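Chemist: Got a structure for you, written out below as structure tokens; questions coming shortly.
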Amino acid sequence: MKKLPHTNEETFTNHIEHIKKSQKKQLLILCLIPAALFFVSLSLGRYDISPCTAAMIMISQICSLPVTWTDVQETVLLQIRLPRVIAVMLVGAGLAASGSAFQGLFRNPLVSSDILGVAAGAGFGAALGILISGDPIIIQLLAFVWGVIAVGIAYGLSRVYKGGSSLILVLAGIIVGSFFSAMISLVKYVADPYQKLPAIVFWLMGSMSSTNWKDVYAVSIPIISGLIILILLRWRITILASGEEEAHSLGINTTRMAQIIIIICTVITASGVCISGIIGWVGLVIPHLGRMIVGPDYRHLLPVSVILGASYLVVIDDLARTLTTQEIPLGILTSVIGVPFFAYLLSRKKVGWA
Amino acid sequence: MIEVNHLSFAYEKDKPVFSDISFHLQPGKIFTILGPNGTGKSTLIKCLVGLLSPESGDIHLSGEKKESISHRKQARIMAYVPQAHQIIFPFPVLDYVLMGRSPHLPVFGQPGSKDYLKAMQALKKVGVDYLADRPISEISGGEFQLVSIARALTQSPSLLILDEPTSHLDFGNQFKVLSIIEELAGEGLSVVMSSHFPDHAFLISHLVAVMQETRFIGIGTADEVITKELMEQAYGIDVVISTVSECGRTVCLPVRKNNQVMN
């Protein structure tokens, strides 16, 4: 933050307005990153389509343009790459935003979007779906439902303890997460090792390779509406992050606010996980990166988390599908790149928490 | 301003933390609660601000029953300064103080430049406006206490409740905080605070209560309550209460049994 002048009221107000304006400008500039990555990602892949052609093909869907591309290019772009890139960006944005909201809610820089067991629950649901049916819709549905159930159990468990603090909730989440990990192992153990087991293992590693428009339609509404509510609540999350007693004495119903944030984050994360499988790191690392850029205030941190989360995951997904002839599972790459990245963050002094 | 009648609280049945607490405070007056560690001063304060629900008794704020006032509205009447605690994320001081505007803004609302101005004025009021840009994690304990008071003032309350505002502070900062509290009361703010120092009650209080074993064993003006008998009963030590002519006020000092001289 720039030095504040302490002269008179008008100068001060002008200065604040000025800071607000420059912060808005910074946010708009940051928005260019995912926008650019969006077109670059559309052009990447086995089949050659330049970013310009990609843009032209999309514009041609709305108004007529002279056709300078082949039908195959159009099909690859519209039916394969476009839904995938959109879904990846939504999932990345959702995981990063809910991770940073949870870090604020629990006042703990170590928690991530799946701290309450949503990922393990969803993994169990998906494994169960693969075991009993194998239909992608049933797998996604069960993943979503069991992700939500896992968080519900964790929340219920924390309420059993009298005067349940946020630390108890984190503990309950970890316990429920490990319970569902055991359940996943159980499903794997009984699954047919030639057909079902590889499918389960592959799902758990996370991949967006089979993403289609149906997936995008299904998850865009819960993820986008969840993100909008989180962004609207961003200043209240800042206050919660400053301390629970403080937030209470500032007129915030902390219990209800916590419930709202947990519900929103769970819906966002479960929606993402059910189409992408388990993707770690984004919900932990991206909020830290955001904090290093704009500080701990959620008024800035939350929008920046959305932007960075979408950008990070789309880059990782580009690498996943272009690095080798066979796709590398997304969940592996996020961590492989995430770990050295996190080490780099830790080597810097200003990590953004005390 | 605040009226408390027969307030009781217990974590477990039949083991009251405090019981039958009553007091009444006029606008612009300072009420200090004294008492040894573990007598329930902090619990009482938490009940007053609504962090804990009392078992029985009632609290009236500005003549209205506390439960009938909405939570947000309560935060516009009453501000709370907790004991110093660890802040996880290093918010800039001005943004931290700004949070005091929360009860005046709608749930989805964001603070505007007028709110920033109020926050800055509050920082000026307590004399730490030079800290505005500093991260909250990098200021001293004394500065943090003043910043917390500034945040409470940003709520524009008519009642300020402080839990041991002078604990963890050095000699000079204790006095600075007390002077600011006195100045605020002079402008019409009612103050309820807990303290470990009978001297502080002598310095600025209009009303003093001594709490021991779940109840007030004395309540009245400082001169009425801070007596040799009551202090010895409350703290279990011998004390001397005497007027120091050089500074023209009464002090309460602990002494060794039988007034032995320390070697």
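Chemist: Restricting the search to the stretch B:115-130, which residues are of a type in the set (S, T, Y) and either surrounded by fewer than 24 Cβ atoms within 10 Å (Cβ to Cβ) or touching a residue at least 40 places away in the same chain (Cβ under 8 Å) (or both)?
Modeler: Matches in the stretch B:115-130: B:Y130 only.
Chemist: Just to be sure, is B:L48 within 14 Å of another protein chain (Cβ to nearest Cβ), in a helix (DSSP H, G or I), touching a residue at least 24 places away in the same chain (Cβ under 8 Å) and under 25 Å from B:S195 (Cα atoms)?
Modeler: yes
Chemist: Also: Give me the pairs: first residue in the stretch A:119-137 and free of Cβ contacts under 8 Å to residues at least 12 places away in the same chain, second residue part of a helix (DSSP H, G or I) and crowded, with 24+ Cβ neighbours inside 10 Å, beta-carbon distance under 8 Å, and six or more apart or on different chains, which are they?
Modeler: Short answer, once both residue conditions are applied: A:S133/A:I139; A:D135/A:G129.
Chemist: Residues that are surrounded by fewer than 23 Cβ atoms within 10 Å (Cβ to Cβ), charged (D, E, K, R), outside the structural domain of B:L94 (by TED's automatic domain parsing) and touching a residue at least 60 places away in the same chain (Cβ under 8 Å): does the stretch B:195-204 have at least one?
Modeler: no
Chemist: Name the residues in the stretch B:35-45 that are buried (at least 22 other Cβ atoms within 10 Å of the Cβ) and either within 13 Å of chain A (Cβ to nearest Cβ) or touching a Leu at 6+ places or on another chain (Cβ under 6 Å) (or both), would you?
Modeler: Scanning the stretch B:35-45 gives a single hit, B:I45.
Chemist: Identify all residues within the stretch A:10-46 that are away from chain B (no Cβ under 14 Å) and in contact with a Lys or Arg (Cβ under 8 Å, 6 or more places away or on another chain); write none if there are none.
Modeler: Selection gives A:S41, A:L42, A:L44, A:G45.
Chemist: I've got another one for you. From A:L289, A:L319, grab the single residue that is among the hydrophobic types (A, V, I, L, M, F, W, C) and without any contact (Cβ under 8 Å) to a residue 40 or more places away in the chain.
Modeler: None of the others qualify; the one that does is A:L319.
Chemist: Going through B:G100, B:G112 one at a time, which residue ends up being within 9 Å of another protein chain (Cβ to nearest Cβ) and without any contact (Cβ under 8 Å) to a residue 24 or more places away in the chain?
Modeler: B:G112
Chemist: Can you find a residue in the stretch B:88-110 that is of a type in the set (D, E) and closer than 30 Å to A:T11 by Cα?
Modeler: Within the stretch B:88-110, one or more residues are of a type in the set (D, E) and closer than 30 Å to A:T11 by Cα.
Chemist: Taking the conditions exactly as written (part of a loop (DSSP other than H, G, I, E, B), facing chain A (nearest Cβ under 7 Å) and either buried (at least 22 other Cβ atoms within 10 Å of the Cβ) or of a type in the set (D, E) (or both)), does B:D133 satisfy them or not?
Modeler: So B:D133 fits the description; yes.
Chemist: Which of the residues that make up the stretch B:30-73 are touching a Pro at 6+ places or on another chain (Cβ under 8 Å) and under 28 Å from B:F108 (Cα atoms)?
Modeler: B:R72, B:K73
Chemist: Additional query: Being without any contact (Cβ under 8 Å) to a residue 12 or more places away in the chain and at the interface with chain A (Cβ under 7 Å from one of its Cβ atoms) is the filter here; which residues of the stretch B:60-85 pass it?
Modeler: B:H85
Chemist: Among the candidates A:A143, A:A154, A:A120, single out the residue that is buried (at least 24 other Cβ atoms within 10 Å of the Cβ), of a type in the set (A, V, I, L, M, F, W, C) and touching a Ser or Thr at 6+ places or on another chain (Cβ under 9 Å).
Modeler: A:A120
Chemist: Sticking with this one: (1) farther than 13 Å from A:E246 by Cβ; (2) outside any helix (DSSP H, G or I): which one isn't true of B:K114, the others all being true?
Modeler: Evaluating B:K114 over (1) farther than 13 Å from A:E246 by Cβ; (2) outside any helix (DSSP H, G or I) leaves (2) as the failure.
Chemist: Here is a follow-up. Of the residues B:P54, B:P90, only one is farther than 24 Å from B:G188 by Cα, more than 10 Å from chain A (Cβ to nearest Cβ) and in contact with a strand residue (DSSP E or B) (Cβ under 6 Å, 6 or more places away or on another chain); which?
Modeler: Testing whether each residue is farther than 24 Å from B:G188 by Cα, more than 10 Å from chain A (Cβ to nearest Cβ) and in contact with a strand residue (DSSP E or B) (Cβ under 6 Å, 6 or more places away or on another chain) leaves just B:P54.
Chemist: A follow-up question, please. Can you name the strands (runs of 3 or more DSSP E) wholly within the stretch B:138-252 that have at least 2 residues being touching a Pro at 6+ places or on another chain (Cβ under 8 Å) and farther than 20 Å from B:E3 by Cα?
Modeler: Passing ranges, in order: B:238-244.
Chemist: Does B:T243 count as β-branched (V, I, T) and either assigned by TED's automatic domain parsing to the domain that holds B:E12 or within 30 Å of A:S242 (Cβ to Cβ) (or both)?
Modeler: Judged against the criteria, B:T243 is not a match.
Chemist: If a residue counts only when it is touching a Gly at 6+ places or on another chain (Cβ under 8 Å) and buried (at least 19 other Cβ atoms within 10 Å of the Cβ), which helices (runs of 4 or more DSSP H) contained entirely in the stretch A:159-264 have at least 3 such residues?
Modeler: By residue number, A:166-190, A:213-232, A:234-241.
The values are calculated or read from the model by the stated rules, or taken from the named source; none is laboratory data. Quick caveat, the model's predicted, so the values are computed rather than measured. Because the Cβ atoms are built from the backbone with ideal geometry, glycine has one as well, and the counts that use them run over all protein chains shown.
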